[in-house]
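Encoded as C-alpha cells, the structure appears first; notes follow it.
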Amino acid sequence: MMAAEGWYPPPYPQDRLEGLRSVAEATGAVVDLSVGDPCDPLPPIVADALATAQGRAERYPASIGFPEVREAASGWMQRRLRVVVSAEHVRACVGTKEFVASLPRFLSLRDPARDTILYPAISYPTYAMGATLAGLRAVPVPMGDGWHLDFDAVDEADARRALLLWCNEPANPTGAVPTAGWFEEVVSWGRARGILVASDECYVEFSSLEGVGDRATVLVAGLDGVLAVHSLSKRSNMAGLRVGFIAGDAGLVEYLGEVRKHAGLMAAGPVQMAAAVALGDDAHVELQRARYAERRRLFLDALAGTGVEHQGGSGTFYLWLDDTGGRDGWELAGDLAKAGIVAAPGDLYGEAPARHVRVALTAPTSDLGVACTRLRHVLGAG
Ligand SMILES: Cc1ncc(COP(=O)(O)O)c(C=O)c1O
C-alpha cells in the first residue's frame, strides 16, 4: 500500500521509556513505577460478582449502562461525594480513556462553530490527543500555584472558541487536590463563557494519602454545563476490565448516551454488573488507600537527604519529584533507572515540566522497599 501523507500518531508516551527500561533491567531487579497501573489484586467481592454475572455475557449490554450500574453510581456519589445525582443523569463508558479521547469529536459535531479544547498544561496526555483526533485545536491552560489549573489565564479569544475545559484534580501527574470552592469558581467561569467544564475525577477516592481526604466533585456546582468523569480502574483495581461512567448536564448526558450507542461503545455486560457491586462497597477502597499511603511514606522516607523532593500535592498515588541539585527530568529518571526504578520524566505530561519526574506507587510494597534501599545508594544518601 502507498504511504499516506496525512497524520500519523506520535510515539506513545510509555514507548519513549525504552532506554530507561533497559538501564533498569540491567540491574536485574526492575521495579516499574512509570505507569499508573494497579498492581494489587481485584477485590474478592468484585471477582465473585464477575463470576456470577456470566448470564450477562450472551446478549449485547446496554450502551448507556444497565440500571444496576447507573443506580450504583448514583448511590456512590451520594455516599462518598455528598451530591445527589439521579441514575437518569449517569451513562456508562468503556473505561474513561476512550471517553476522554472521543468527547471532543462528539462535542464538535454538536457545536461546529467552536473548535478549541482547553486542557491543563501539565496533564494526562489524552486530553490533548482527543482534540487532535477530532481535528480541533488543543490549547494548554497554564498551571498556577500549587499546580492548580489557572483558568483565569485563558486568553478570551481562545475561550470564545472553546467547546470544553478539562480539569483533573486530584491531578495526574502532580497529585494536586482541589481547594475549597475551586470547583464552584471554575464552573462559574465556564458557564459565563458557554464552555463545558469536564472534570476527570478518576483519583477522587485517593484525595489525600496523608490523612482523611476531603473527596470533592465538580458536581457540587450543579449539573448545568458540567460533566464528571469517573473510573473503576484506580478505585477498585479494575483497569483490565474497562469500565467507568459519566454524570452531569442532563441534555449533554442524554446526547452522549445516544451518539455513543451509534458508535458501538459498550462496557461488557458482566463487567457492568461487577462495577455495580464495586461501587456499593467502600471497604476495599480503604484497604487500597492504606496500601498507597504506606508506599508513599516508604518512598518519601527514602528521598530524605537526597536533594530530591516531592513537590506535588497529597492526592493520587503519584509523586512529582524535583531534584534541587539541578538534574532535569530525563537525567533524574536516568539515575532512578540505575537503581532499577523506571519512572516517567515530566515532559511526558506537557512541555513545561521538563525538570520533574513522576513516580507511580504501583509496585508491591516489598518490591518498593528493596528499590528504595538501592535508590538511597544511587542518590548518594546511604
Ligand atoms: C487522569 C486520568 N484520566 C483517565 C485515565 C484513564 O483511566 P481508565 O481508562 O482506566 O478509566 C487515567 C489513567 O491513568 C488517568 O490518569
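Throughout, read-outs are computed from the coordinates displayed, never taken from laboratory work. Here the structure is a predicted model, which means the values were calculated and not measured. Cβ atoms come from the backbone with ideal geometry, glycine included; neighbour counts cover every protein chain shown.
If you average the alpha carbon positions of region 11-53 and of region 77-155, how far apart do those two centres end up, in angstrom?
So the separation of the two Cα centres works out to 25 Å.
More than 12 Å apart: what percent of Cα pairs in region 67-119 qualify?
Percentage above 12 Å: 71.
Which order do 18, 185 fall in if you start with the one that has the fewest other Cβ atoms within 10 Å?
18, 185
Between residue 351 and residue 26, what's the calculated FRET efficiency when r is the beta-carbon distance and R0 is 41 Å? Round to 0.05.
That gives a FRET efficiency of 0.85.
So, counting K/R as plus one and D/E as minus one, what does the shell of residues with Cβ under 13 Å around residue 312 add up to?
-2
Give the shape of region 153-310 as rounded, prolate or oblate, defined through the alpha-carbon gyration tensor: a ≥ b ≥ c are the square roots of its eigenvalues, a/c under 1.5 means rounded, and otherwise the shape is prolate if a/b is larger than b/c and oblate if not.
Judged from the Cα gyration tensor, region 153-310 comes out oblate (a/c at least 1.5, b/c at or above a/b).
Among rounded, prolate and oblate, which fits region 1-44 when a ≥ b ≥ c are the square roots of the eigenvalues of its C-alpha gyration tensor, a/c under 1.5 means rounded, and a/b larger than b/c means prolate?
oblate
Counting pairs of Cα atoms in region 34-135, how many percent are more than 23 Å apart?
51
So what is the 222 nm mean residue ellipticity for the chain from helices alone, if each DSSP H run of at least 4 adds -39500 (n - 2.57) and you divide by all residues, rounding to the nearest 500 deg cm²/dmol?
Helices in the chain give a 222 nm mean residue ellipticity of -11500 deg cm²/dmol.
Taking 7 Å along the Cα-to-C-beta vector as the label spot, tell me the residue 4-residue 86 distance in nanometres, rounded to one decimal.
It is 4.4 nm.
Which of rounded, prolate, oblate describes region 11-78, given a ≥ b ≥ c as roots of the alpha-carbon gyration tensor eigenvalues and a/c under 1.5 marking rounded, otherwise prolate only if a/b is larger than b/c?
It is prolate, given that a/c is not under 1.5 and a/b is the larger ratio.
Among the lysines, which have Cα under 27 Å from the Cα of residue 234 when same-chain residues fewer than 8 positions away are ignored?
Straight-distance partners of residue 234: 97, 261.
Tell me the relative contact order for the chain as a rounded percent, counting alpha carbon contacts under 8 Å between residues six or more apart.
Across the chain, relative contact order equals 25 percent.
In Å³ and rounded to a whole number, note down the convex hull volume per residue for the Cα atoms of the chain.
157
Order of 166, 7, 320, 330 from fewest to most other C-beta atoms within 10 Å?
Arranged by neighbour count, lowest to highest, 166, 7, 320, 330 become 7, 330, 320, 166.
Counting only the backbone N, which residues of region 170-199 are under 19 Å from the spot 7 Å out from the Cα of residue 40 toward its beta-carbon?
Of the residues in region 170-199, 170-172, 175 have backbone N under 19 Å from the label point off residue 40.
Rounded to the nearest 0.05, what FRET efficiency do residue 262 and residue 373 give with R0 = 56 Å and r taken as the Cβ-Cβ distance? Could you check?
Calculated transfer efficiency: 0.55.
How much length is gained if the chain between residue 250 and residue 18 is pulled fully straight, taking 0.36 nm per residue apart and subtracting their Cα-Cα distance, in nm to one decimal?
Working it through step by step, the gained length comes to 79.1 nm.
For residue 51 and residue 281 in the same chain, what is the full-extension length gain: residue separation times 0.36 nm, less their Cα-Cα distance, in nm?
Here the segment from residue 51 to residue 281 would lengthen by 81.1 nm.
Using a Förster radius of 30 Å, what is the FRET efficiency between residue 153 and residue 59 based on their Cβ-Cβ separation? Nearest 0.05, please.
The formula returns an efficiency of 0.05 here.
With +1 on each Lys and Arg Cβ and -1 on each Asp and Glu Cβ, how big is the dipole of the chain about its Cα centre, in debye rounded to the nearest 20?
640
Angle between the Cα long axis of helix 182-193 and the longest principal axis of the chain, 0 to 90 degrees, nearest 10?
The helix 182-193 is inclined about 50 degrees to the chain.
For the chain, build the charge dipole from Cβ charges (+1 Lys, Arg; -1 Asp, Glu) around the Cα centre, then report which of 189, 218, 47 sits farthest towards its positive end.
So the residue furthest toward the plus end is 47.
Would you report the distance distribution of C-alpha pairs in region 212-270 as whole percents per 10 angstrom bin, up to the bin with the largest distance?
19, 41, 34, 5, 0
Just want the ordering: 63, 231, from fewest to most Cβ atoms lying within 10 Å of their own Cβ.
63, 231
For the Cα atoms of the chain, what angle does the longest principal axis make with the long axis of helix 365-378, in degrees from 0 to 90, nearest 10?
Once rounded, one gets 50 degrees.
Determine the sum of side-chain charges near residue 131: Lys and Arg each +1, Asp and Glu each -1, restricted to other residues whose C-beta is under 10 angstrom from that of residue 131.
Charge balance near residue 131 sits at +1.
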